[in-house]
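Enquirer: One structure follows; several queries about it will come next.
The values are calculated or read from the model by the stated rules, or taken from the named source; none is laboratory data. None of these values were measured; they are calculated from a predicted model. Ideal geometry is used to build each Cβ from the backbone, glycine not excepted, and the neighbour counts take in all protein chains shown.
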Amino acid sequence: MELIFNEDQGIKQFLMENQQFFEEELLEEAINVRDKIEEIKLLGNINLLANAHKVVLYVVDGMKEEVIAFGRQEGIAWAKHNLTLAFKLEWIQAIRTTLWKFLYEYDKLSDHAISTDNFFSMGKEINGLIDEFFKGFFISYSNYKDELLEAQKKLVENLSVPIIPISSSVSIIPLIGTMDKLRANTIEEKILFEIGEKGIQTLIMDLSGVAHIDLEAVQDFTKLLDGITMMGCKSIITGIRPDVVKKIVNLDMSFRQKAEIRATLQQTLKDYLKTDNAIKSEQFSL
C-alpha cells in the first residue's frame, strides 16, 4: 500500500488523499459486513463506505456535535430498514481500527511529527468521539424501535377492543380472549372515549368469548360499569360464562345493579333491532 503523502499535509488532508486505500483497508477489517455493502445500500439507500469516511473526517476535525447528529441520523436509518445491529457494531469497530492504522502511518511518514503526549491526547479524543457516534446511533436506533413497538402495541390494543355501532345510539363491544388488568385498563379507556365521542346511549358488552378473566380485571370491570353510568350510557352485559360468574360471586360482587344482564347477544340484538325498527316506523307514520 503506497500511501499519498506530502510534508505539508495535515491528518485530514492525508485521509482525504488516501480515501481509496482507507476504504480497501476498512473492508479487510469488516469481514462480515463487506459482503453486505451492496445489500445495505439497496435496502436503506445507505452508502457505508461514504458514511464511514464522513464520520472519520468529523472525528479528526473534533466536530463533536456533527458526530453525534450523524450517529443519530444513521441510527434512525438502520432502525427504519431493520438492519442488523451486529453489522453496525463490527463496522464501527473496523472504522476505529482502520483510522488508527492510518494515523500510525501518517505519524511514520511525517517522521514522528506527533509527540508521545499529543498522540495519547489525540487518541483519547478520537476514541471518545467514535464512542459518541455509536452512543448517538444506538440511542436513536433504540428510541425509534421503542416508538414503533409502542405504536404497534396501541394498534393491536385498539383492534382487540372493537366497538361496533348497530344504530345511532346503540353499539356492541364483543370481548374475546384473556382479560387481565392491562387489557381491562385499555378497554376502559377505549369505551369511555367512544361513549363521549360518539354519544353512545346503550352499550352491549358481550363476554361470551372471554376465556379467562383475572380477579383484578373483574374489579376493574365493575368500576368501568360505574364510569359508563356516570357518562349517561346504559350497560347491557351478555354471555357471561359460568367461571366468570363464579369469580364475581366469590368476590361478593354483582353486575346486576350496574348493568342489565342478558343471556345471549343474539337475543339482545334481536330485541334492540326490533325496538329500533318500531321507533323508526312510529316516527315515519307521524
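Enquirer: Among the residues in the stretch 139-147, are any buried (at least 17 other Cβ atoms within 10 Å of the Cβ), within 16 Å of Ile261 (Cα to Cα) and either touching a residue at least 60 places away in the same chain (Cβ under 8 Å) or hydrophobic (A, V, I, L, M, F, W, C) (or both)?
Expert: No - not one qualifying residue is present in the stretch 139-147.
Enquirer: Would you please name the residue that is farthest from Leu225 (Cα to Cα), looking only at residues in the stretch 258-286 that are modelled with pLDDT under 80 and among the polar types (S, T, N, Q)?
Expert: For the stretch 258-286, the residue satisfying everything is Ser285.
Enquirer: Working only within the stretch 246-257, note down all residues that are basic (Lys, Arg) and either modelled with pLDDT of 75 or more or surrounded by 11 or more Cβ atoms within 10 Å (Cβ to Cβ) (or both).
Expert: Lys246, Lys247
Enquirer: Here is a follow-up. How many residues, within the stretch 190-209, are over 22 Å from Ile248 (Cα atoms), outside any strand (DSSP E or B) and of a type outside the set (Lys, Arg)?
Expert: Taking the stretch 190-209 as the starting set, the residues that turn out to be over 22 Å from Ile248 (Cα atoms) are 190, 192-202.
Still in the running and outside any strand (DSSP E or B): 190, 192-201.
Next, only the ones that are of a type outside the set (Lys, Arg) stay: 192-197, 199-201.
The total comes to 9.
Enquirer: Taking the criterion of being assigned by TED's automatic domain parsing to the domain that holds Thr268, within 16 Å of Gln266 (Cβ to Cβ) and in contact (Cβ under 8 Å) with a residue 12 or more places away in the chain, would at least one residue in the stretch 187-204 satisfy it?
Expert: Within the stretch 187-204, one or more residues are assigned by TED's automatic domain parsing to the domain that holds Thr268, within 16 Å of Gln266 (Cβ to Cβ) and in contact (Cβ under 8 Å) with a residue 12 or more places away in the chain.
Enquirer: Assigned to a helix (DSSP H, G or I), basic (Lys, Arg) and over 19 Å from Glu29 (Cβ atoms): is that true of Lys145 in this structure?
Expert: Yes.
Enquirer: Does any residue of the stretch 76-85 turn out to be surrounded by fewer than 14 Cβ atoms within 10 Å (Cβ to Cβ) and either at positive phi or assigned to a helix (DSSP H, G or I) (or both)?
Expert: yes
Enquirer: If you take just the helices (runs of 4 or more DSSP H) that sit entirely in the stretch 10-57, which of them hold at least 1 residues that are under 28 Å from the mean Cα position of the chain (by Cα) and either of a type in the set (Phe, Trp, Tyr) or surrounded by fewer than 16 Cβ atoms within 10 Å (Cβ to Cβ) (or both)?
Expert: Those helices (runs of 4 or more DSSP H) span 31-34, 37-44.
Enquirer: Which of the residues belonging to the stretch 2-60 are within 25 Å of Thr84 (Cα to Cα) and among the small types (Gly, Ala, Ser)?
Expert: Scanning the stretch 2-60 gives Ala30, Gly44, Ala50, Ala52.
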